[in-house]
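A short reminder: the numbers here are calculations on the coordinates, not readings from a lab. None of the values given here were measured: they were computed from a predicted structure. So basically every Cβ, Gly included, is an ideal-geometry build from the backbone, and we count neighbours across all protein chains shown.
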Amino acid sequence: MLIEFSKVSKRYPEGHEALRDVTFVINKGEMVFLTGHSGAGKSTLLRLVTLIEHATSGQVIVNGQNLGRLKRRTIPYFRRQIGMVFQDHKLLYNLSVFDNVALPLIVSGFHPRDLRRRVHAALDKVGLLNHDQAKPITLSGGEQQRVGIARAVVNRPSLLVADEPTGNLDSGLSDEIFDLFHDFNYHGVTVLVATHDLRHIKRLGKRSLTLVDGRMTQQTNAAQP
Amino acid sequence: MIVWLTRHLQTLVGSLGDLSRNSFSSVLSISVIGIALALPGAMFATLENIHKFTAEFEHGAKISLFLSPDISIKQAKDLQQSLAQHPDIKYIEMITPDQAMEEFKLRSGLKDALNSLSDNPLPVVLLAYPEDRVARSPEKLAGLINELGKLEPVELSQFDLEWIKRLTAFLELATRAVWVIAIILGLGVFLVIGNTIRLAIVNRQEEIRIIKLIGGTDAFVRRSFLYSGMLQGLFGGLLALLVIFLLFSFISKPASSLSSLYSISFGLDPLQLLPSLILTSSGALLGWLSARVTVGVYLRQFEPGKGRY
């Protein structure tokens, strides 16, 4: 298994209890949706997986590593195994599309010789190869999100985590984005996507986890589409 | 190794790019650093020049030994020979009463009055030129003057350039004062660079958070700030050199006409190569250190989990 939560709770310092006693398992190579109304704790759960936050109690294991025991200085190396996609893209607007996608490789000390090839492959995958010198601000919302996805996969992570990746996109563009995730999953990447758009769950026929007020209420099995 | 080097080069070029992008604020802070470094730099250069100036005098520093009137020229010659062996004395010269009288007549304009004197009342004078190391140290010089004054045939031992002693003592004090000023201004440079780095960190907090999210280490984030601090210090140091150079070329003309009044050849030197290197590299070092401290203090505030993420 790739992600394992056992009795995980998260209470923020200001007292808000975002997750209560959450237990679930995601196996290697799975694609899983995380649903729930806004404020149910979807984002918090993803933040625990990516070590942006630490669990208050319980145990989180990702890729065989107990996150509660990870030393602070090893967190960057842990994060390099995970591709992250955000609702607001989190691109750097002073850099070109190419540089944005290259950033994870530069950060991890990737050999410059192979960098261009890898970045172009990732951009090709999301259909933006001919926009590589553009500034992100000149692209549409859907295109910016695809840049974000290219950046998330350029490192060839074993886990892809996305938080409401289509929150600001219309349904046609959303379909394209989810199809991309589906395709990565088909090629062996474990995918965990938080969304409130139940349409995609039906369409792609994947397992889903549902949070209500910080509790996991429902774990449906994959229904074949 | 190549990867490491490329990464550092990338960061260096990136920092240069950042400096040129934020050209106004970086020009401003580099100017402040430049002026702050130029001030002690120019003071040190001035002191160095005054040292050189006084060295010209010290070269000709001499102690006059007025011998008792009853000492004959023969006895004076013996004394001259024995004093020439003294380790603190470079060489010794004798002025006979006749020579002294001739010079006196020439200089005083009292030729006729002096001619009417029946015999020469002037004593034999020995001029002792001390070694340079003695001339440079007021204590040793005083010791030598005292020692020579106690000799049997010497009636009066007198140092002609008493003011040099005072000047040397003053220079000692001035050097200390310049050091204090240099340290205070160095601290100022440290704070100025620290402040620009702090602003840069705040301006780039979004970027810092994103870099940390995609697996950038603290060292990676730190690097570009360290380079930008170092570059600011370096450029500030170079600007300081330029300022000192301009300052000295501005005052070199009056300075050389002043020294020609003292009939010594003396050209005003701006900083030499080594002090110039020290000035620029201490600027760069200050910048690096300041950035290191600032980044250490502020970087942890921009963890992805903190603030609005």
Nearest-ten-degree value, helix A:141-153 long axis tilted from longest Cα axis of chain A
80 degrees
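What average number of partner chain Cβ atoms lie no more than 10 Å from the Cβ of the residues making up B:205-213? It would help to have the intermediate numbers written out before the result.
Values: counts 0, 4, 6, 0, 2, 10, 6, 5, 10.
Mean number of neighbouring Cβ atoms from other chains: 5.
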Report, ordered by chain and residue number, the lysines lying within cross-link reach of A:Lys90, taken as a straight Cα distance under 21 Å and ignoring same-chain residues fewer than 8 apart.
A:Lys42, A:Lys125, A:Lys135, B:Lys212, B:Lys306
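Taking Cα pairs under 8 Å and at least six residues apart, what relative contact order does chain A come out at, in percent? Walk me through the numbers before you get to the answer.
Details: 429 pairs, mean separation 63.7, N = 225.
Reported relative contact order: 28 percent.
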Under a cut-off of 16 Å between alpha-carbon atoms, report the aspartates and glutamates in cross-link reach of B:Lys111, not counting same-chain residues fewer than 8 places apart.
B:Asp98, B:Glu102, B:Glu103, B:Asp119
Of A:Ile52, A:Ile26, A:Ile177, which is the most mobile in a GNM of chain A whose springs link Cα atoms less than 10 angstrom apart?
A:Ile52
Lys/Arg Cβ at +1, Asp/Glu Cβ at -1, dipole of region B:61-160 taken about the Cα centre: which of B:Gln75, B:Leu106, B:Pro87 is farthest positive-ward?
B:Pro87
The relative contact order of region B:61-160, taking Cα pairs under 8 Å that sit 6 or more residues apart, comes to a percentage of 50 percent
Helix A:97-107 axis, angle to chain A major axis (alpha carbon atoms, nearest 10°):
60 degrees
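Once you charge only the Cβ atoms, +1 for Lys and Arg and -1 for Asp and Glu, what is the size of the charge dipole of the protein assembly as shown about its Cα centre, to the nearest 20 debye? Can you show the working numbers first?
Working: 57 positive and 48 negative charges, 680 e Å.
For the protein assembly as shown, the charge dipole is close to 3260 debye.
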Give me a single rounded figure for A:9-15: the average over its residues of other chain Cβ atoms within 10 Å of their Cβ.
0
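Please get the size of the charge dipole for chain A, origin at its Cα centre, with Cβ charges of +1 on Lys and Arg and -1 on Asp and Glu, quoted in debye to the nearest 20.
Working: 29 positive and 21 negative charges, 178 e Å.
About 860 debye.
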With angles folded into 0 to 90 degrees, how steeply does helix A:112-125 sit against the dominant principal axis of chain A? Use alpha carbons for both and round to 10.
70 degrees
Going by average Cβ density within 10 Å per residue, which order do the peptides A:104-113, B:187-196 take, highest to lowest?
B:187-196, A:104-113
Suppose R0 equals 45 Å. What FRET efficiency, 1/(1 + (r/R0)^6) with r the Cβ-Cβ distance, do A:Leu198 and A:Arg72 give to the nearest 0.05?
0.75
Fewest to most neighbouring Cβ within 10 Å: what's the order for B:Met94, A:Met216, B:Met43?
B:Met94, B:Met43, A:Met216
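Listed highest first by mean packing, meaning other Cβ atoms within 10 Å per residue, what order do B:67-77, B:107-117, B:278-288, A:119-129 come in?
Details: B:67-77: 14.0, B:107-117: 10.1, B:278-288: 21.3, A:119-129: 19.0.
The densest-packed peptide leads the list: B:278-288, A:119-129, B:67-77, B:107-117.
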Can you tell me how much longer the chain between B:Leu156 and B:Val180 gets when fully stretched, taken as 0.36 nm per residue apart minus their C-alpha distance, in nm with one decimal?
4.5 nm
In nm, the gap between the two label points placed 7 Å beyond Cα toward Cβ at B:Leu28 and B:Arg300 is 3.0 nm
Note: B:214-224 gets an average of partner chain Cβ contacts (10 Å, Cβ to Cβ) equal to 6
Picking from A:His200, B:Trp179, B:Ile211, whose Cα lies most toward the positive end of the charge dipole for the protein assembly as shown (charges on Cβ: Lys, Arg +1; Asp, Glu -1)?
A:His200
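May I ask you to order B:135-147, B:205-217 by the average number of other C-beta atoms within 10 Å around their residues, highest value first? The partial results should precede the final answer.
On the way: B:135-147: 16.3, B:205-217: 21.1.
Packing order, densest peptide first, comes out as B:205-217, B:135-147.
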Place a +1 charge on the Cβ of each Lys and Arg in region B:61-160 and a -1 charge on the Cβ of each Asp and Glu, then give the dipole magnitude about the Cα centre in debye, rounded to the nearest 20.
220 debye
Computed FRET value (nearest 0.05) for B:Leu242 with B:Leu199, which takes r as the C-beta separation and R₀ as 25 Å
0.45
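To make sure I understand, if each residue's beta carbon is the centre and we count other beta carbons within 10 Å, what order do B:Ile92, B:Ile251 fall in, fewest to most? Write out the running numbers ahead of the final one.
Numbers: B:Ile92 20, B:Ile251 12.
Ranking B:Ile92, B:Ile251 by Cβ neighbours within 10 Å, fewest first, gives B:Ile251, B:Ile92.
Efficiency by 1/(1 + (r/R0)^6): what FRET value for A:Gln218 and B:Ser281, r their Cβ-Cβ distance, R0 = 56 Å, to the nearest 0.05? Each step should come with its number before you reach the end.
Working: r = 66 Å, r/R0 = 1.18.
My answer for the efficiency is 0.25.
Counting only other residues whose beta carbon sits under 13 Å from that of A:Val153, what net charge do I get with K and R as +1, D and E as -1? Don't skip to the end; give the middle numbers.
Working: positive: A:Arg80, A:Arg118, A:Lys125, A:Arg146, A:Arg151, A:Arg156; negative: A:Asp124, A:Asp183.
Overall, the nearby charge balance is +4.
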Within a 10 angstrom radius of the beta carbon, how do A:Arg47, B:Arg133, B:Arg292, A:Arg146 rank from fewest other beta carbons to most?
B:Arg133, B:Arg292, A:Arg47, A:Arg146
